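To keep things clear, I will list the structure first and then write my remarks on it.
Read-outs throughout are calculated quantities, based only on the coordinates presented, and are distinct from any laboratory measurement. These numbers were taken from a predicted model, which means no experiment stands behind them. Ideal geometry is used to build each Cβ from the backbone, glycine not excepted, and the neighbour counts take in all protein chains shown.
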Amino acid sequence: MTNILFTNFCIFVTFLYLSGLLSQKYVAGVVSPSFTVKVNAGLLFGVYGIILMYYSFPIDPRFFADLRHLAIMVIATYLGWLPSLIAGMLIALGRLILFGMSASSAIAGAGMLLISVVCGILSRAHWNRLGKMLLMSVSSMLVILFIMWMNIPNHQKVFTVFTQQLIISVLATVVIYMLTEYINTSNKLFLQMKKNSETDYLTSLHNLRQFEQLLSERFLEAQHFSERLGVLVVDIDHFKQINDTYGHAAGDVVLQQLSKVLRDHSRSFDEVSRNGGEEFSVLVPEATIDETAAIAERIRAAVEDHVFILEDRTKIRITVSIGAAVHPDTIRSKNAKELLQQADRELYRAKDSGRNRVCSAPEINDLILS
């Protein structure tokens, strides 16, 4: 039996590793996972429990020893009562399917449901995770003891088997706790590193590297689906004077406040980036050149009207110049960089025309008619 339970443990550790990869995308860094994530996690760990049950050890024709309760315990600890209940229901159903519709199967299935309810309740306790997992493990084993007592007439055999399974279950719980915490910590560090590599440290906007990746991806999508993609290049007018007059710390405050103005006056699905220094950009999907220019003008006016407050409470005002271009309204190219270059040329035209203005590239049809 010990060999089978050890095999159960090794299989479950493999499942935890795979689950860690999934949690990296759907759970890690999320304060409260969505209902859909919880349901899917419950189903996934229910399947894990069924697989563990498939590799069980027959103690008696009516009872099979395994570590299926660990699947319920882990998912309850990390995601709460709902996935715990779903996993328990699925494992109970799997018990009936794998080992037939009988009184012993019904009792074992009911036991799994009871374990899922107990683990769901204990998951709400304000304890550390190890304490909760150990209590869940012992509580689950007490339920299993009752099931064994109901199904196996030889109570001396029940005591022997239960003692072995309890020791293995508790030891497995400690190892699983260490593994899940390691996976959880690794996922958090990965997300933090990913965020640092994609985000501008000062403004929390996309950085240049992420902007270039987004531009390439959105451009390919626009080409594939025959959609529009606009680019705004935004530059602060006379930013060097701000640094020279008030200091670089004041310049950083202006950049931080400007990033908020850009986010607030762009559409919710537009993507704002800081490309470096005082230059920003906005990706504007699904808008004509006129609509893109209108968004740019809204941003320009908002910046002009905004009062920037420095750390010493000094109030200053700034202006920005903006260049706009749209694929395929103003340029038809297979290269996203050419779209950006066109917007950049319009930015310099705005600068040369007196600053604090929006210049947008003319539509291709207009050029043909002229």
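Just a few scattered comments:
- Using alpha-carbon coordinates, inclination of helix 81-99 to the longest axis of the chain, degrees: 50 degrees
- Highest-fluctuation residue, H126, H206, H306 considered, GNM on the chain with Cα pairs under 10 Å: H126
- Debye log10 I(q)/I(0) at q = 0.11, 0.14, 0.23 Å⁻¹ for region 239-325, Cα point scatterers: -0.31, -0.49, -1.16
- Among the listed pairs K260/K351; K25/K195; K240/K351; K25/K194, those with a Cα-Cα distance over 19 Å are K260/K351.
- Converting phi to 3J(HN,Hα) with the Karplus coefficients 6.51, -1.76 and 1.60 and the offset θ = phi - 60°, region 258-269 yields 5, 4, 5, 4, 4, 5, 5, 10, 9, 6, 4, 9 Hz in sequence order, with x at every glycine or proline.
- Cubic angstrom per residue, convex hull over Cα atoms of region 2-196: 100 Å³
- Under Karplus coefficients 6.51, -1.76 and 1.60, residue-wise ³J(HN,Hα) of region 214-225 in Hz, glycine/proline x: 5, 4, 4, 5, 5, 5, 4, 5, 4, 5, 5, 9
- For the chain, the fraction of alpha-carbon pairs in successive 20 Å shells from zero, as %: 25, 32, 25, 17, 2
- Near-label residues of region 174-202 by backbone N, under 16 Å of a point 7 Å along Cα→Cβ of Y55: 176
- For region 208-369, the Kirkwood hydrodynamic radius comes to 16.0 Å, computed from all pairs of different C-alpha atoms.
- Sequence of Y246, Y201, Y17 once ranked by neighbouring C-beta atoms within 10 Å, starting from the fewest: Y201, Y17, Y246
- Cα-based Kirkwood hydrodynamic radius, region 278-370, one decimal, Å: 14.3 Å
- Taking only the alpha carbons of region 134-272, we obtain Rg and Dmax values of 29.4, 90 Å in that order.
- Amide H contacts of T199: N207, each under 5 Å away and 5 or more positions distant or on a separate chain (H built 1.01 Å from N in the peptide plane; Pro and chain starts excluded).
- Estimated FRET transfer efficiency (T185, K337; beta-carbon r; R0 35 Å; 0.05): 0.35
- Note on V175/L43: beta-carbon distance plugged into 1/(1 + (r/R0)^6) with R0 of 22 Å gives a FRET efficiency of 0.35.
- The packing ranking, built from the mean of other Cβ atoms within 10 Å per residue, places the peptides 315-322, 263-270 in the order 315-322, 263-270, highest first.
- Rounded to whole Hz, the Karplus (6.51, -1.76, 1.60) HN-Hα couplings of region 319-329, x for glycine and proline: 10, 10, 10, 9, x, 10, 8, 9, 8, x, 5
- The angle between the Cα long axis of helix 103-122 and the longest principal axis of the Cα atoms of the chain comes to about 50 degrees, rounded to the nearest 10.
- Of all DSSP beta bridges in region 208-369, antiparallel share, percent nearest 5: 90 percent
- Cβ-defined net charge surrounding S140, 15 Å radius [Lys, Arg +1; Asp, Glu -1]: +2
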